[in-house]
Amino acid sequence: RSTNHLEDLYECDLNRTGGHVATTATSSSGNSSRPVSALHPNRSNNNSTTTTTTIDTTTTTRKVCAQLATEVDEAQIAGESLVNALSAAFVTKSYVDHATGQVKHRTKPYPDPQRRRRTEFLSHPEIRAETRQPSHEWIQAGSGRLGKLYLEILSCHDLPNTDVGESVGNLTDAFVSAVFEDAMVQTEVINDELSPHWLPWTKRAFVFGIMHPASMLYLGCFDYDLGLTEHEKIGRVAVNICNLQRDTEYTLRYGLYPSSNVTERKSNGTITIRIRVEYHDEKAMVLAALRPRPKFHVNVKREKSQEVLHYTCFGFYGDENETKFDLTVTRSYINEILEHKRLLGYAIVDTFSSLVFWRGQVRILGLWLPLHSLLFFVMAATLVERPQMLPAFSLLSVAWMFLALGTKRCQHPSPWHRCPSFWHFLEILQTGRSSLRMRRVAPMEGGQEAAVYEQYWKDRIEKDIDAATRRREEDELLMNLANENIQTKMKADNLIPIELLSRLGRYQGIIARYCRYARLFKIIATWEESILSFWITACFLVAGLFALLLDWGFILTWVGRIVVWCFLGPHMSIVDAYLQSKSQKDDKLLETAMEKFHQKSKRALERNQDATKLKDAKCLLFGPYITLVPNFNLSRHYDRPLPQSFARVYKKSAKDQNGDTTLKKSITMSKEYVPGQQFFGTMVPRPNDAAIKFEGQMDHLKDLAAATLKCMEEITEKRRRERLERYDSEQEAMLPHSLGYELITLGNSNASCLSSDSMGTTRMGSGVDGSLARHMDSATSASLEVNEEAQVAVLFIRRRNSSFVATNRSQSVRLGYELKPYNSDQNDEPWEHSIHLSNANM
């Protein structure tokens with residue numbers, strides 16, 4: 001039945017022309033007689049008004065924070081559950097439609113408010129048809145602004161029954177939790193259903209803001225339980241969105257597994273979702289991968305909600321088991337290390353055989369060509385003739401290896417195992433937009449070829465394991481036959497020492513860290529993190545091409561000379577003596593070590609204070625229980641879509657009868673939203689919206705401060721000019737402009753003073769020994785003193801007791817001067833003006 005559901009879903013998408021139909025703003029009223037489900041408290045029976053919005057827009061109604069199903073008061077839910085259980089005994093759960101002969105069941109969790117009578121009872125085909133219809137309302141979540149992730153949780157199938165009383169109809173009360181970056185959302189709870197379908201009018205559609213292009217989407221399915229018991233965990237899945245194509249709507253089916261870290265795991269049913277990714281700027285998306293991945297913490301208000309959140313992100317045997325000893329986890333880690341060793345051996349043997357024997361490696365126009373063997377031959381032949389090219393070829397070989405692994409991944413028979421190629425991201429950087437790699441993926445496309453490929457690897461691994469087991473048994477048999485040990489065997493103590501038990505958890509943590517390193521290398525080498533693999537490949541490729549331009553013979557020769565002469569010469573004995581003498585100064589070394597320790601302690605304390613401040617702010621707003629969302633999917637097993645999945649290009653626009661391009665698909669945003677919990681800022685951590693608002697306010701304040709500073713500078717400059725003009729006018733009035741004196745040097749010991757027209761022309765005699773002063777009495781008396789050794793002439797004017805000092809370095813000196821007024825010693829004396837010139841050319 002579930003397979004038919006996917007096929008019907010695919011056919012409906014192919015034949016659907018209207019897509020998401022945009023409607024105008026409407027007002028819907030609930031019916032008071034409509035039964036209310038006990039476990040969907042987020043739905044209100046009151047009148048609600050919604051406004052239609054296009055893609056990436058929000059409603060004009062006032063937003064309210066959405067409440068998670070696990071955050072609702074359980075006392076209220078228990079009362080409603082009791083009322084519904086009593087009323088269910090007197091209502092019809094299903095009936096047979098005699099017109100069609102189909103069995104119709106009461107719609108769960110509730111019928112469509114707009115079509116209550118028509119959707120109160122639906123048959124299984126009608127439920128599947130309604131499920132694939134567009135969602136009525138979308139809930140916005142998260143704080144990312146790089147793009148949008150559109151998620152619709154459609155259905156689950158073949159879930160196990162985790163409740164007691166299956167014979168009386170008490171089945172799993174299923175709900176799904178989704179975590180992406182800094183937000184967690186949950187669907188409504190569907191009671192007593194092992195294959196629940198979330199219909200378009202229920203809370204199933206969410207729009208997440210994307211902050212980093214390689215973030216993972218985590219989904220978890222649970223059974224809702226009341227009381228002290230936790231919600232039963234059914235299964236989880238991790239969806240890698242960085243491998244999704246733009247403008248493409250994917251309908252994906254995944255298997256639900258309790259854990260992704262243990263060796264043996266069993267599926268607990270399946271989940272079907274509809275997902276689409278859109279980026280505002282694809283080039284900015286690719287460049288955003290160069291930034292460090294932010295840490296995402298999600299807070300909840302209840303402990304049971306925190307268990308749901310943690311399981312959705314990590315599953316069973318998650319991060320808490322790295323230091324807590326568990327035999328199953330330890331055995332899985334050891335088995336994983338052996339598996340990595342086996343796969344590495346396969347990779348080396350297959351790569352060497354393929355390159356040496358010129359086997360087909362790249363498929364071009366249906367033909368498998370040995371292009372890698374050709375490139376390997378050219379590089380090897382060049383390296384033999386020019387061994388100094390080894391550094392450049394080493395860098396290029398790393399890039400070549402990544403390109404070969406990415407090409408092999410893109411040639412996988414299943415479309416759900418493929419990833420964007422290196423040229424895909426390069427095209428985005430060049431043109432700013434990527435081309436569509438595929439137009440449509442049909443159900444079961446490549447499924448048979450992929451099954452054959454997987455079976456080949458399983459048979460190969462089992463064959464090698466059987467061969468290794470047989471060789472080990474033969475070796476043990478030979479050792480027993482050739483046993484020469486005639487010593488009496490002692491009884492061994494089979495008890496595990498207590499001190500060993502206390503250290504097993506630490507040993508398990510060490511093994512877990514090595515496994516995490518191996519997983520990180522694996523997701524990069526296999527292009528699971530395709531955008532990160534692209535940048536690593538690009539860096540090695542650019543470095544290798546640049547290295548080809550360098551003269552490595554010259555570089556290696558001089559590097560070798562520097563190393564030999566600087567670090568291998570006899571002067572190293574002096575360096576050794578210096579280091580030993582320095583190491584003997586224990587007090588100074590201790591002081592230096594303590595100073596470094598204090599610096600590290602200060603930085604550690606600052607980080608701890610920032611973390612404490614962030615924790616307090618998040619706990620105050622979102623709840624006291626915090627979970628770190630993993631930004632890398634470092635799991636042992638990757639979740640791939642099942643072959644029943646399909647995809648098609650999402651057409652957002654169409655042409656009307658007049659030929660104009662109009663919006664064809666539009667979505668209606670709900671008045672509920674889930675706020676993003678990512679905080680920004682160090683001194684005062686704030687949510688994204690508050691941080692953006694604060695940055696806008698700070699920018700406004702900075703502009704205002706700059707404008708104020710500019711106004712103050714203009715006012716200050718204006719006042720300074722006014723003071724200078726007033727000061728110049730006052731000094732100009734005090735200067736003896738009517739005198740018009742000019743000082744002229746006639747020789748080493750000759751000087752003269754020429755008066756203005758009011759004084760007449762007067763000539764003074766020469767100075768004797770550089771110190772003789774001549775006096776002249778007129779309407780204004782003046783005297784001149786010449787110092788021949790210092791080459792300084794001093795002119796005394798008795799009108800205002802002005803003093804002019806000038807250097808006597810030129811044949812003609814004009815007095816250009818700056819006044820410095822000061823009071824005379826005698827009270828009856830007027831102001832005296834002293835003029836000093838240090839340059840005869842002034």
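A few points about this structure:
- From the C-alpha gyration tensor of region 442-568, square roots of 5λ in Å: 46, 34, 22
- Available extension along the chain between Asp616 and Leu367 is 83.5 nm, counting 0.36 nm per residue and deducting the alpha carbon span.
- Every Cα-Cα pair of region 364-470 was included, and the share exceeding 22 Å stands at 57 percent.
- Highest-first arrangement of 531-539, 597-605, 118-126, 344-352, where packing means the average Cβ count within 10 Å: 531-539, 118-126, 344-352, 597-605
- Solvent-accessible area of Arg145, all protein chains in place: 150 Å² (probe radius 1.4 Å, heavy atoms, ligands and nucleic acids excluded).
- Between Thr431 and Arg721, residue separation times 0.36 nm minus the direct Cα-Cα distance comes to 98.8 nm.
- Burial ranking of peptide ranges 398-407, 161-170, 272-281 (average Cβ count within 10 Å, highest at the top): 272-281, 398-407, 161-170
- Estimated inter-spin distance, Tyr514 and Lys600, nm [label 7 Å along Cα→Cβ]: 2.5 nm
- Charge tally in the Cβ shell below 11 Å around Ser177, where Lys, Arg are +1 and Asp, Glu are -1, Ser177 excluded: +1
- Distant-in-sequence amide H partners of Thr162 (H built 1.01 Å from N, under 5 Å): Thr172
- Region 130-276 shape via C-alpha gyration tensor axes, a/c threshold 1.5: prolate
- Hypothetical label at Lys266: residues of region 180-204 whose amide nitrogen lies under 19 Å (7 Å Cα-Cβ projection): 194-195
- Cα gyration tensor shape for region 535-620, rounded if a/c is under 1.5, else prolate or oblate: oblate
- Inter-label distance for Tyr453 and Phe567, nm, one decimal - labels placed 7 Å from Cα along Cα-to-Cβ: 4.6 nm
- Computed from backbone phi with θ = phi - 60° and the Karplus coefficients 6.51, -1.76 and 1.60, the 3J(HN,Hα) list for region 456-464 is 4, 5, 5, 4, 5, 5, 4, 5, 5 Hz; x is used for glycine and proline.
- Gyration tensor (alpha-carbon) shape descriptor, region 213-270, a/c threshold 1.5: prolate
- Other residues lying with their Cβ under 14 Å from the Cβ of Lys600 contribute a combined charge of +2, Lys and Arg counting +1, Asp and Glu -1.
- Entry note, region 95-244: relative contact order of 24 percent, from Cα contacts under 8 Å with a spacing of 6+ residues.
- Counting 0.36 nm for each residue step from Leu504 to Thr708 and taking away their Cα separation leaves a gain of 66.8 nm.
- The packing ranking, built from the mean of other Cβ atoms within 10 Å per residue, places the peptides 672-679, 363-370, 228-235 in the order 672-679, 228-235, 363-370, highest first.
- Estimated at the nearest 10 Å², the accessible area of Lys718 is 110 Å² with a 1.4 Å probe.
- Ser167/Arg359 FRET efficiency (R0 60 Å; Cβ-Cβ; nearest 0.05): 0.50
- Accessible area per residue (1.4 Å probe, heavy atoms of protein chains only) ranks Glu445, Glu264 as Glu264, Glu445, with the largest value leading.
- Computing FRET efficiency as 1/(1 + (r/R0)^6) for Leu383 and Cys539, where r is the C-beta to C-beta distance and R0 is 22 Å, gives about 0.50.
- Charged neighbours of Pro160, selected by a Cβ distance under 12 Å, balance to -3 (K, R count +1; D, E count -1).
- For q = 0.17, 0.27 Å⁻¹, Debye-computed log10 I/I(0) when each Cα of region 277-351 counts as one equal scatterer: -0.95, -1.15
- Cys566 sits with roughly 60 Å² accessible to a 1.4 Å probe, with DNA, RNA and ligands left out of the calculation.
- Label zone at Gln102, where the point sits 7 Å out along the Cα-to-Cβ direction: region 187-223 residues whose backbone N lies under 19 Å: 195-201
- Entry comment: accessible area of region 500-610 is 73 Å² per residue, from protein heavy atoms only and a probe of 1.4 Å.
The values are calculated or read from the model by the stated rules, or taken from the named source; none is laboratory data. Just so you know, these numbers come straight off a predicted model, no measurement behind them. Don't worry about glycine lacking a Cβ; one is built from the backbone with ideal geometry, like all the others, and counts go over all protein chains shown. We work out accessible area using only protein heavy atoms, side chains counted, and drop any ligands, DNA or RNA first. Shrake-Rupley method; radii C 1.70, N 1.55, O 1.52, S 1.80 Å.
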